[in-house]
Each structure stands twice: as structure tokens, then as C-alpha cells.
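Everything below concerns the one structure shown next.
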Amino acid sequence: RHPERAVVVTLAMAAGPPPPLDPGSLPTFTDEGFTEKFLRKTRENPLVPFGCLCTVGILAYGILCFKKGNTRRSQLMMRARVLAQGFTIAAVVGGMMATTVKSRQ
């Protein structure tokens with residue numbers, strides 16, 4: 001039916017079994033807790049936590065202004081929060097792209 005498959009299977013079988021794996025060539029993974037992983041990720045891309053902190057700070061200040069009745073400042077802070085969120089998303093995407101480029105080298 002599918003002569004191409006028959007040829008591939010025949011060639012694979014003719015090549016013999018694969019060589020045994022050397023345990024030293026396999027990657028090793030360390031057991032990393034939440035704190036260690038958080039600190040490592042922060043060192044790799046410090047703009048993401050900075051953007052998150054800015055977003056939360058602006059949001060908190062905007063809510064405080066809203067409760068005090070300063071609606072003009074509250075609206076300004078909500079717009080600033082959207083900008084801070086955009087900065088954070090751009091930092092995440094930029095960090096992912098940098099990691100991808102770094103891993104390909």
C-alpha cells in the first residue's frame with residue numbers, strides 16, 4: 001500500500017539497535033524551590049517584577065484617590081495602570097524573545 005513506509009521501516013531495522021545511552025550525557029535537573037526559582041527568574045528578567053510592582057502601586061494609589069473623592073486623579077491613575085500593564089506585558093514578551101535567541105546560540 002505505502003511503499004515509502006516499507007522502505008523506511010526496512011532501513012531502520014537494518015541499521016540495528018541504537019547505541020546505549022551514556023548516563024553522563026543526560027541533562028541533570030536540580031530540585032528548585034519557589035524562592036530560588038523566583039530569584040533566578042527575577043535576575044534573568046528584572047523588568048517583569050518592576051512592571052508588576054508599578055502596576056500594583058498605581059492601582060493602589062488610584063483606589064485611594066477614588067475613595068477620597070478625587071475622581072480626576074483616580075481616572076488618571078487607572079489610565080497609568082493600563083500603561084504599566086502594557087509595559088509589563090512587553091517586558092514578558094521581550095524576556096521570552098531574549099531567552100529564545102540566547103538558547104539558539
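Values computed for the structure shown
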| read-out | value |
| --- | --- |
| Sites residue 34 and residue 64, calculated FRET efficiency, Cβ-Cβ separation with R0 25 Å, nearest 0.05 | 0.25 |
| Estimated vicinal HN-Hα couplings, Hz - the stretch 47-58 in sequence order (Karplus 6.51, -1.76, 1.60; Gly, Pro = x) | 6, 5, x, 4, x, 5, 5, 4, 4, 5, x, 5 |
| Cross-link partners of residue 102 among lysines (Cα-Cα below 16 Å; sequence separation of 8 or more within a chain) | 41 |
| Solvent-accessible heavy-atom area per residue, rounded to whole Å², over the stretch 31-103 at 1.4 Å | 78 Å² |
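The values are calculated or read from the model by the stated rules, or taken from the named source; none is laboratory data. If you're wondering where the values come from, they're calculated on a predicted model, not measured in any experiment. Cβ atoms come from the backbone with ideal geometry, glycine included; neighbour counts cover every protein chain shown. What goes into the accessible areas is simple: the full protein's heavy atoms, side chains included, and nothing from ligands, DNA or RNA. Shrake-Rupley method; radii C 1.70, N 1.55, O 1.52, S 1.80 Å.
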